[in-house]
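The values are calculated or read from the model by the stated rules, or taken from the named source; none is laboratory data. Fair warning: this is a prediction, and the values are worked out from it, not measured in the lab. For neighbour counting, all protein chains shown are included, and Cβ atoms are generated from backbone atoms with ideal geometry for every residue, glycine included.
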């Protein structure tokens, strides 16, 4: 009996939810929707061709230009850069200079001895 | 077009028939709008959500798998968008200085335009009853509210509700039972009258 009345109350509550009003969609909503889809489709197509904008934006070219300039300069100055042969010559010249120093050094160290000998001879 | 089934219309819409999509909107715009309205309690927000639901459906209609009903798919999108909106309003509540204290401007216009000869007192009672039911429904937890709206107003089966909500059928049944009990307690004054 108790359960039956409880069920009745629940079903009455369930029916009471009918009192909540329903709303109608506005007419403008539909036109607004189709306008939005049209503009989004346009955006989609403009995105496909946006590489043009990317291509012609000069700031995008700055790193490419810098790399190209570096390449040209390196090709131009390539002849002025020392080759391995040049390095060999320089090394040899340095060695010769050192040899001269060594020779002088020998003379300097032997100078007192040479002097003494010259005295003894006298 | 009106005699065709949803599946047939969806196939046409996938082929790029805008008229077919318009027919789908004719069928489901009102249910989706009312679902969002009951969940969000704001006409403007419900209209925004409805528009977004159909925009997403339009963009992703090729992704629709014919395993489920089209309406289930739409309500699933609507549910997700409504929950996002609720989360957002919970985090960033906004107050309009132009908004009347109770009901929207449109509600007020609708009352003026009402051509039926109803006495002001019964009108007031009706309004009060609506507010009470709305408040009772609004006080339910989100999941219970969604289950009630889909079952009571959209006449959906437990299976459909479970698919939309992403839970089991038994979970839906238990949600509905708890919601009914809570509503009974909240609306007992009106029920026993």
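So residue B:80 clears everything in (1) modelled with pLDDT of 80 or more; (2) out of contact with any helix residue (DSSP H, G or I) (no Cβ under 6 Å at 6 or more places or on another chain); (3) assigned by TED's automatic domain parsing to the domain that holds residue B:186 except one condition, right? Which one?
Unmet for residue B:80, out of (1) modelled with pLDDT of 80 or more; (2) out of contact with any helix residue (DSSP H, G or I) (no Cβ under 6 Å at 6 or more places or on another chain); (3) assigned by TED's automatic domain parsing to the domain that holds residue B:186: (3).
How many of the residues in region B:157-179 are touching a residue at least 24 places away in the same chain (Cβ under 8 Å) and crowded, with 18+ Cβ neighbours inside 10 Å?
Going through region B:157-179 one residue at a time, the tally reaches 8.
Return the total of residues in region B:50-75 being within 13 Å of another protein chain (Cβ to nearest Cβ) and surrounded by fewer than 17 Cβ atoms within 10 Å (Cβ to Cβ). Let's see the steps before the verdict.
Going through region B:50-75, the residues within 13 Å of another protein chain (Cβ to nearest Cβ) turn out to be B:50-61.
So of that shortlist, the ones also surrounded by fewer than 17 Cβ atoms within 10 Å (Cβ to Cβ) come out as B:55-56, B:59-60.
Residues in region B:50-75 being within 13 Å of another protein chain (Cβ to nearest Cβ) and surrounded by fewer than 17 Cβ atoms within 10 Å (Cβ to Cβ): 4 in total.
Out of curiosity, is residue B:14 crowded, with 17+ Cβ neighbours inside 10 Å and in contact with a helix residue (DSSP H, G or I) (Cβ under 6 Å, 6 or more places away or on another chain)?
Taking the combined requirement at face value, the residue does not satisfy it.
For region A:19-42, what are the residues that are modelled with pLDDT under 85, surrounded by 11 or more Cβ atoms within 10 Å (Cβ to Cβ) and more than 7 Å from chain B (Cβ to nearest Cβ)?
A:40, A:41
For (1) touching a helix residue (DSSP H, G or I) at 6+ places or on another chain (Cβ under 6 Å); (2) at pLDDT 90 or above; (3) more than 9 Å from chain A (Cβ to nearest Cβ); (4) on the phi > 0 side of the Ramachandran plot, each residue gets a yes or a no:
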residue: B:134; (1), (2), (3), (4): no, no, no, no
residue: B:157; (1), (2), (3), (4): no, yes, yes, no
residue: B:163; (1), (2), (3), (4): yes, yes, yes, no
residue: B:166; (1), (2), (3), (4): no, yes, yes, yes
residue: B:189; (1), (2), (3), (4): no, no, yes, no
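Mind checking which residues of region B:3-44 are more than 10 Å from chain A (Cβ to nearest Cβ), over 20 Å from the mean Cα position of the chain (by Cα) and closer than 22 Å to residue A:35 by Cα?
B:9, B:10, B:12, B:13, B:14, B:15, B:16, B:17, B:19, B:20
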